[in-house]
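Enquirer: Questions regarding the structure given below will be posed in turn.
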Ligand SMILES: [Zn+2]
């Protein structure tokens, strides 16, 4: 693969689809296996999030289980992508809805 196309892939954001009727669960596209999707739950592990990819299950989950505190080092690319999506796309809607309710 050329250097240029590698850069292009790295810059293309992973796809994110919210699960219907849910605020915190998403299907996030896999970068290594196109077409494959990982299930991300942002609420799990005290807000660290959880993903069903190998990296998260083998590297992050065991440390969280041993009591590690939530941090970006214990989040895979899919969780980080879903968090970005949540802040960019969902938080503004949530904030608007809350403002309407309080006024
Ligand atoms: Zn993952």
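The values are calculated or read from the model by the stated rules, or taken from the named source; none is laboratory data. Just so we're clear, the structure is a prediction, and the values are computed from it rather than from any experiment. Cβ atoms come from the backbone with ideal geometry, glycine included; neighbour counts cover every protein chain shown.
Enquirer: Only one of 74, 91 is at pLDDT below 95 and surrounded by 10 or more Cβ atoms within 10 Å (Cβ to Cβ); which?
Expert: 91
Enquirer: So is residue 19 surrounded by fewer than 17 Cβ atoms within 10 Å (Cβ to Cβ) and more than 12 Å from the ligand (Cβ to nearest atom) or not?
Expert: Yes; evaluated as a whole, the condition is true for this residue.
Enquirer: Go through (1) within 12 Å of the ligand (Cβ to nearest atom); (2) modelled with pLDDT under 95; (3) part of a helix (DSSP H, G or I) for residue 31 and report which single condition fails.
Expert: With (1) within 12 Å of the ligand (Cβ to nearest atom); (2) modelled with pLDDT under 95; (3) part of a helix (DSSP H, G or I) applied to residue 31, the lone miss is (3).
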